[in-house]
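The values are calculated or read from the model by the stated rules, or taken from the named source; none is laboratory data. Everything numeric here is computed off the predicted structure, so don't read it as measured data. Neighbour counts run over all protein chains shown; Cβ positions are idealised from the backbone, glycine included. Just the protein is used for accessible areas: all its heavy atoms, side chains included, with ligands, DNA and RNA removed. Shrake-Rupley method; radii C 1.70, N 1.55, O 1.52, S 1.80 Å.
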Amino acid sequence: VQLQASGGGLVQAGGSLRVSCVASGRTFSSYAMGWFRQAPGKEREFVAAINWSGVSTYYADSVKGRFTVSRDNAKNTVSLQMNSLKPEDTAVYYCAAVRRVGLGGTRPNEYDYWGQGTQVTVSS
């Protein structure tokens, strides 16, 4: 599967952004999806995960209550709605996929496919 992320941009602290990821292929619903982010000089870190149906989700503590992950299997799309953004949310955001029934993990090496990343910048 190939992943194409979009929707990043510049926003003021407290604002909102929605990033999305479109997958190629006909088997998108076979994949658990994850969102990760990487700030300059830091390791890639887990943000959110969603299972194949969208029923199960999981969030990093740092974004819980502010971010919402969702997916639309008919459109081969997974999205991350980000509210109450903080300057520390500034990073390149990546979507990732792994073929499995349950939730994907929280470590980058648990995913097999990656999008190219989209920049999110939150100004103070």
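With the requirement that a residue be more than 14 Å from Val69 (Cα to Cα) and either in contact with a helix residue (DSSP H, G or I) (Cβ under 8 Å, 6 or more places away or on another chain) or buried (at least 16 other Cβ atoms within 10 Å of the Cβ) (or both), what does the stretch 82-99 give you?
Residues satisfying the conditions are Leu85, Asp89, Thr90, Ala91, Val92, Val98, Arg99.
For the stretch 9-39, give me the residue count where each residue is within 12 Å of Tyr93 (Cα to Cα) and assigned to a loop (DSSP other than H, G, I, E, B).
Residues flagged as within 12 Å of Tyr93 (Cα to Cα) and assigned to a loop (DSSP other than H, G, I, E, B) within the stretch 9-39 amount to 1.
Using the structure shown, decide if Arg100 is in contact with a strand residue (DSSP E or B) (Cβ under 6 Å, 6 or more places away or on another chain), of a type in the set (Lys, Arg) and under 13 Å from Leu17 (Cβ atoms).
On the way: in contact with a strand residue (DSSP E or B) (Cβ under 6 Å, 6 or more places away or on another chain): yes; of a type in the set (Lys, Arg): yes; under 13 Å from Leu17 (Cβ atoms): no.
Spelling it out, it is not the case that Arg100 is in contact with a strand residue (DSSP E or B) (Cβ under 6 Å, 6 or more places away or on another chain), of a type in the set (Lys, Arg) and under 13 Å from Leu17 (Cβ atoms).
Pull out all pairs, ordered by first then second residue, where Cβ-Cβ is under 6 Å, the residues are six or more apart or on different chains, the first lies in the stretch 13-35 and is in contact (Cβ under 8 Å) with a residue 24 or more places away in the chain, and the second is of a type outside the set (Ser, Thr, Tyr) and part of a helix (DSSP H, G or I).
So the pair list comes out as Ala13/Pro87; Phe28/Asn73; Ser29/Asn73.
If you scan the stretch 67-124, which residues turn out to be of a type in the set (Ser, Thr, Tyr), assigned to a strand (DSSP E or B) and within 20 Å of Trp52 (Cβ to Cβ)?
Within the stretch 67-124, Thr68, Ser70, Thr77, Ser79, Tyr94, Tyr113 meet the criteria.
State the number of residues belonging to the stretch 73-89 that are over 18 Å from Gly117 (Cα atoms) and either without any contact (Cβ under 8 Å) to a residue 12 or more places away in the chain or hydroxyl-bearing (Ser, Thr, Tyr) (or both).
Final tally of qualifying residues: 2.
I'd like the full set of residues that are more than 16 Å from the chain's Cα centre (by Cα) and either hydroxyl-bearing (Ser, Thr, Tyr) or closer than 21 Å to Arg66 by Cα (or both), limited to the stretch 30-51.
Ser30
Each row is one residue, and each column tells you yes or no for (1) within 15 Å of the chain's Cα centre (by Cα); (2) open to solvent by 30 Å² or more (accessible area, probe 1.4 Å).
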| position | (1), (2) |
| --- | --- |
| Gly7 | yes, yes |
| Leu10 | no, yes |
| Ser53 | no, yes |
| Thr57 | yes, yes |
| Phe67 | yes, no |
| Asp72 | yes, yes |
